[in-house]
Amino acid sequence: MLLSEALQIPNGITAVVGGGGKTSLIDALARELSARGKVLIYTTTHIMRPREHLTMIEPLPAHIRAAFAQQQVIVAGMECADGRLGAFPPLERHLSSLADYVLVEADGAKRLPVKAPAAHEPVLPADTRLVIAVAGLDALGRRIADAAFRAPLYASLLRKSIDSVITADDIATVLMHPQGQMKNVKCAAAYVLNKADDQQRQTAAAVIAARLDAPAAVTVLAGQPRLISLWRDSKCLF
């Protein structure tokens, strides 16, 4: 089964939040979805500039539509001084009309496996149809202070100290928490438990996925992306 099928990616805007593999997930979904339609990659925060896709800097909507005559995947945004791409707000009210699938990275985690959102996060486009919350299983067994972006906020959601070790239950709690990865989510949701590289992490992923309140994909996204298992209604489908 394709990852995009497992997560039931709809037409329109899908926003990706959390830590531990957002960019890799968007890349994997873009490759799959480009076989079915046009794909626009965008961010409401900052992303690294992808090398494999056409990147358009501060484009007009008409320029994007014209470029799709030759391209299946386009990245759009505003160039930042550090070489990353940032949000280009004039484009945002047009997003859902520009492509069959719009994949939006809607918060940052500074490459850490888990996170808690700050007051201004996540930045979800108005027409978002699906939010996917990502967590890296490499957070397990590490201190909150070392593995979580915005560690004090992450610890406060769990009512723990930042020196506490992250457990499977902790990851599930913050993923579902209304002030965690489900903050401001008013649409359909799904979860990705990434970096399930070995049996120990896959066993922990099963504990997490069984608690979650929406479909959950257990993945390894580095290199050739793999869907390890899929969970719905606290049951493993495969």
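The values are calculated or read from the model by the stated rules, or taken from the named source; none is laboratory data. Computed from a predicted model, the values in this text were never measured in an experiment. Glycine also receives a Cβ, built like all others from the backbone with ideal geometry; neighbour counts cover every protein chain displayed. These accessible areas exclude ligands, DNA and RNA; they are computed on the full protein's heavy atoms, side chains included. Shrake-Rupley method; radii C 1.70, N 1.55, O 1.52, S 1.80 Å.
Table: residues versus (1) surrounded by fewer than 20 Cβ atoms within 10 Å (Cβ to Cβ); (2) in contact (Cβ under 8 Å) with a residue 24 or more places away in the chain.
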| residue | (1), (2) |
| --- | --- |
| 132 | no, yes |
| 152 | yes, no |
| 165 | yes, yes |
| 193 | no, yes |
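In this entry, residue 23 passes the filter for residues that are open to solvent by 20 Å² or more (accessible area, probe 1.4 Å) and not aromatic (Phe, Trp, Tyr).
Of the listed requirements (1) surrounded by 15 or more Cβ atoms within 10 Å (Cβ to Cβ); (2) touching a Leu at 6+ places or on another chain (Cβ under 9 Å), residue 140 misses just one: (2).
For residue 201, the conditions (1) among the basic types (Lys, Arg); (2) touching a residue at least 24 places away in the same chain (Cβ under 8 Å); (3) closer than 26 Å to residue 122 by Cα are fulfilled apart from (3). For residue 181, state whether it is crowded, with 21+ Cβ neighbours inside 10 Å, modelled with pLDDT of 95 or more and not charged (D, E, K, R). So residue 181 passes the test. The strands (runs of 3 or more DSSP E) located wholly in the stretch 1-70 that include 1 or more residues which are under 30 Å from residue 233 (Cβ atoms) and out of contact with any Pro (no Cβ under 6 Å at 6 or more places or on another chain) occupy 12-18, 39-43. For the stretch 71-116, a tally of residues being over 11 Å from residue 39 (Cα atoms), open to solvent by 60 Å² or more (accessible area, probe 1.4 Å) and part of a loop (DSSP other than H, G, I, E, B) returns 5.
Applying a threshold of 7 Å to beta carbon distances and a minimum spacing of six or more residues, or different chains, the list of pairs starting in the stretch 47-59 at a residue that is open to solvent by 90 Å² or more (accessible area, probe 1.4 Å) and ending at one that is not in a loop (DSSP other than H, G, I, E, B) reads 48/23; 49/55; 49/85; 58/78. Annotation: residue 122 fulfils all but one of (1) of a type outside the set (Lys, Arg); (2) under 17 Å from residue 212 (Cβ atoms); (3) crowded, with 22+ Cβ neighbours inside 10 Å; the unmet one is (2).
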